[in-house]
1. Filter the range 83-95 down to the residues that are of a type outside the set (S, T, Y) and closer than 20 Å to P127 by Cβ, then identify the one that is surrounded by the most Cβ atoms within 10 Å (Cβ to Cβ).
2. Anything in the range 28-66 that is among the hydrophobic types (A, V, I, L, M, F, W, C) and open to solvent by less than 50 Å² (accessible area, probe 1.4 Å)? List them, or say none.
3. Might you let me know whether the range 118-138 holds any residue that is closer than 21 Å to A11 by Cβ, in a helix (DSSP H, G or I) and not aliphatic (A, V, I, L, M)?
4. S152 versus (1) in a loop (DSSP other than H, G, I, E, B); (2) in contact (Cβ under 8 Å) with a residue 24 or more places away in the chain; (3) closer than 25 Å to D53 by Cα: which is the lone unmet condition?
5. Can you list residue pairs whose Cβ atoms sit under 8 Å apart, with the first residue in the range 78-91 being β-branched (V, I, T) and the second being modelled with pLDDT under 90? Count only pairs 6 or more apart in sequence or on different chains.
6. Would you check which residues across the range 140-176 are of a type in the set (A, V, I, L, M), closer than 19 Å to P38 by Cβ and within 12 Å of the chain's Cα centre (by Cα) and list them?
7. Among the residues of the range 168-178, write down those that are in contact with a Lys or Arg (Cβ under 7 Å, 6 or more places away or on another chain) and either crowded, with 24+ Cβ neighbours inside 10 Å or not aliphatic (A, V, I, L, M) (or both).
Amino acid sequence: MDGVLVDSTPAVARVWTSWALEHGLVPDEVVRQAHGRPSLATIIELLPHGDHDAENREVERREIDDIADVVALPGALQLLKTLPEARWTIVTSASRRLAEVRLHAAGLPVPRHLVTASDLQRGKPFPDPYLKGAQILGIDPADCVVVEDAASGVRSGKAAGARVLGLLTTSTEEELSSAGADWIAKDLSALSLDPQGKTAALAFRLQEKK
């Protein structure tokens, strides 16, 4: 969701920067570490002796309150309006409440079923999130295309057995490539539905990564 469908980067940076400063941590390092992973996992690593659940609730509260400049990324709305409803879902490291708030703020549809940090014991980079997403859709992971902007998400998709398109919205080409992305594009405007309109196959206006 974040960095693929929704541009929440400024909000995420503000929330994690203030949280880092309160705990005597380096903001840039915390923001980088938090990207593309469940908040709780980051908090546990950075504050091993803290009240993890309380800290996680506070981070979520701040992120839900900070949505003034959350917008849809290029190509996101067009693609989701084109894809058949039963053929796509969202797999995010955000909580369900935060995911719904950001999608509504960006003017994007909320899928009937979505996979959030609230649904999993293990988040990205483990394969569990995308295995769950494929299960929800009733599609073999090998027949799925995962779209990701973070190395941890790319690794999750590949570990689940899916093909992965990496977007350069927040990560570098080197980071996405090293994580195993099959293709790399600027954003979702590089994708379109099969022009024949007979299948849900995606037409990639980019070249497969060498």
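The values are calculated or read from the model by the stated rules, or taken from the named source; none is laboratory data. Remember, predicted model here, so these are calculated numbers, not experimental data. Every residue, glycine as well, gets a Cβ built from its backbone with ideal geometry; the counts of neighbours run over all protein chains shown. The protein model used for the area step is the full one, side chains on, heavy atoms only, and it has no ligands, DNA or RNA in it. Shrake-Rupley method; radii C 1.70, N 1.55, O 1.52, S 1.80 Å.
1. V91
2. First pass over the range 28-66, keeping only residues among the hydrophobic types (A, V, I, L, M, F, W, C): 30-31, 34, 40-41, 43-44, 46-47, 54, 59, 64.
Matches in the range 28-66: V30, V31, A34, A41, I43, L46, L47, A54, V59, I64.
3. Yes, the range 118-138 contains at least one residue that is closer than 21 Å to A11 by Cβ, in a helix (DSSP H, G or I) and not aliphatic (A, V, I, L, M).
4. The single condition S152 does not satisfy is (1).
5. That search, which allows pairs on different chains as well, returns T82/S192; T82/L193; T89/H113.
6. V146, V147, A150, A151, V154
7. If the condition is that a residue be in contact with a Lys or Arg (Cβ under 7 Å, 6 or more places away or on another chain) and either crowded, with 24+ Cβ neighbours inside 10 Å or not aliphatic (A, V, I, L, M) (or both), then S177 is the only one that fits.
Here is a yes/no grid of residues against (1) open to solvent by 40 Å² or more (accessible area, probe 1.4 Å); (2) in contact (Cβ under 8 Å) with a residue 40 or more places away in the chain; (3) touching a helix residue (DSSP H, G or I) at 6+ places or on another chain (Cβ under 7 Å):
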| residue | (1), (2), (3) |
| --- | --- |
| R97 | yes, no, yes |
| H104 | yes, no, no |
| T116 | no, no, yes |
| F126 | yes, no, yes |
| V164 | no, no, yes |
